[in-house]
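Here the structure comes first, spelled out in structure tokens, and everything after it is commentary.
Any read-out appearing in this document is the output of simple, stated calculations on the displayed coordinates, not a laboratory observation. All values reported here derive from a predicted model rather than from experimental measurement. All Cβ positions, glycine included, derive from the backbone under ideal geometry; neighbour counts span all protein chains shown.
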Amino acid sequence: MTINIPAEIGMCVEDVDTPALLIDLDAFERNVDRMANFISQAGVRIRVHAKTHKSPDIALYQIAHGAVGVCCQKVSEAEALVHGGVRDVLVSNEVVGQRKIERLAALAKRARVLVCVDDIDNISDLDEAAGRYGVTLEVLVEIDAGAGRCGVQPGDAALPLAQKVDASANLKFAGIQAYQGKAQHVHDFNERKAAIDAAVDKVRKTVGILKDAGLDCDIIAGAGSGTYQFEAGSGVYNELQCGSYVFMDADYGRILMEDGRQIDDFENSLFIYTQVMSKTKIDKAICDAGLKAQSVDSGLPLIYGRTDVEYIGASDEHGVISDPDDKLRLGDKLYLVPGHCDPTVNVYDWYVGVRNGVVESILAVSARGMCL
């Protein structure tokens, strides 16, 4: 059986096999530095979201540059990150079911582990498991800040959950989870800001109710790469959960700033490297990055640095490229900006880190496929 590694360290990027997931290391490092500078100036923390990259190596680099820890969405993701050396992990989601809860409690023997709740009975299950393993789980009560997914209604509904956590022998009340996920990809600036303003009001009200009951929130968490400046400037949120900023993608490129320009806080650093595998038609080329090489839930990829050709369609193993001027030839290689970086990463086993046209690193996507 061959090992599915598309490159070797020291290789020229032109020799990397395709399709491959490339990281422009210079752009990646600039993105991390920009976020580190931002949180330092804003006076907030960042707990980076590892569902974007699923890599302990990248997480540890972010922690070395200012992150307090990571978020994961699944227990298996958290396990992979802790196994890789990360020691502060929030499962920014609910964990339900005995097997998963047992694994979560076991993980807390190796790292600081936090988890979200929105159900009274779930709190009892977490407390009992933590007791069996002799650990303390830190717990955030999740409120629905407008995403319409998990979370109790903001305000009074959060209080009995927080009180039960606080009264549990093996749990510690840590604060509030309030992520407005729907707002991240609202392209219009004013609409996006209005969504976060509404979320901030809900969070402020909830935190006030808890404080009046004697429950202080050490963590008031949320924010993503599309809205982080709003939450950071709210005076309410103190911990950001941005993930995609390290890579960016085509849909984030459609987000607009107040003056109508595309958002330019961060750069594209993640690319699908593909090559032309068929050129039998004058106005069309076929590349080897199709549906199985990417996620297209947020639209098709963009061809980076080219305006003369366009990625226009995909089937399982083929990408269709419009080539009206017949520029492309068999074997030509192209950089694609994925429509949605997070699920695209989940397709690959390896990152190929490139600097100055040379492969500098090969990093495992250690939490790939971790959905339990």
Next on the checklist: How big is the stretch 89-188 along each principal axis, measuring the range of its Cα positions in Å and listing the largest first?
Outcome noted: 48, 27, 21
Checklist entry - With the contact rule set at Cα under 8 Å and sequence spacing of 6 or more, what percent relative contact order holds for the chain? => result 21 percent
Checklist entry - What are the ³J(HN,Hα) values, in whole Hz, obtained from phi via the Karplus relation 6.51 cos²θ - 1.76 cosθ + 1.60 with θ = phi - 60°, for each residue of the stretch 143-148 in sequence order, with x given for Gly and Pro? => result 10, 7, 8, x, 6, x
Checklist entry - With each label point set 7 Å from Cα along the Cα-Cβ vector, what nm distance links S76 and D197? => result 4.2 nm
Item to check | Inter-probe distance in nm under a simple model that places probes 7 Å from Cα toward Cβ, at K292 and D264 | outcome: 4.0 nm
Checklist entry - Tell me, what does the Kirkwood hydrodynamic radius of the stretch 44-246 come to in angstroms if you use every pair of distinct C-alpha atoms? => result 16.8 Å
Checklist entry - Check H340: other-chain or 5+ apart residues with amide H under 5 Å from its amide H, H built from backbone geometry? => result A250, S295, S298
Checklist outcome for this item: Highest GNM mean-square fluctuation among G243, G146, G43, for the chain with Cα springs under 10 Å, belongs to G43
Item to check | the stretch 303-334: trypsin sites (Lys or Arg not before Pro) in DSSP loop, at most 15 other beta carbons within 10 Å | outcome: R306, K327, R329
Checklist entry - With each pseudo-label sitting 7 Å past Cα toward Cβ, what's the A169-R132 distance in nm, one decimal? => result 1.5 nm
Item to check | Assigned charges on the beta-carbon of Lys, Arg, Asp, Glu; the chain dipole about Cα centre (debye) | outcome: 660 debye
Checklist entry - How much FRET efficiency would the formula 1/(1 + (r/R0)^6) give for F189 and I362, where r is the Cβ-Cβ distance and R0 is 41 Å, rounded to 0.05? => result 0.55
Checklist entry - What's log10 of I(q)/I(0) for the stretch 1-135 at q = 0.19 Å⁻¹, Debye sum over Cα points only, no solvent? => result -1.06
Item to check | For the stretch 44-246: relative contact order, % (alpha-carbon pairs under 8 angstrom, 6 or more apart) | outcome: 19 percent
Checklist entry - What does the stretch 203-266 give for Rg and for Dmax, in Å, if only its C-alpha atoms count? => result 15.0, 45
Item to check | Translational D in µm²/s for the stretch 173-281 (Stokes-Einstein at 4 °C, 1.567 mPa s, Kirkwood Rh from C-alpha pairs) | outcome: 83 µm²/s
Next on the checklist: Ignoring everything except DSSP H segments at least 4 long, calculate the 222 nm mean residue ellipticity for the chain; use -39,500 (n - 2.57) per segment, divide by total residues, nearest 500.
Outcome noted: -8500 deg cm²/dmol
Item to check | Rg in Å to one decimal, and Dmax rounded to a whole Å, for the stretch 1-64 via C-alpha atoms | outcome: 15.4, 51
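Normalised radius of gyration for the chain, please: alpha carbon Rg relative to 2.2 N^0.38 Å, two decimal places.
Values: Rg = 21.8 Å, N = 372, 2.2 N^0.38 = 20.9 Å.
Compared with the compact-globule rule of thumb, the chain sits at 1.05.
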Item to check | Inter-centroid distance (Cα atoms) of the stretch 1-72 relative to the stretch 158-225, Å | outcome: 28 Å
Next on the checklist: Full-extension gain between R329 and R30, please, as 0.36 nm times their residue separation minus the C-alpha to C-alpha distance.
Outcome noted: 104.3 nm
Item to check | Euclidean distance of C-alpha centroids, the stretch 124-138 and the stretch 254-276, integer Å | outcome: 43 Å
Checklist entry - Which of K182/K202; K100/K164; K54/K284; K74/K109; K54/K205 have a Cα-Cα distance over 23 Å? => result K54/K284; K54/K205
Checklist entry - Per the Debye formula with a single identical scatterer at each Cα and no solvent contribution, what log10 I(q)/I(0) holds for the stretch 297-372 at q = 0.15, 0.24, 0.25 Å⁻¹? => result -0.70, -1.26, -1.28
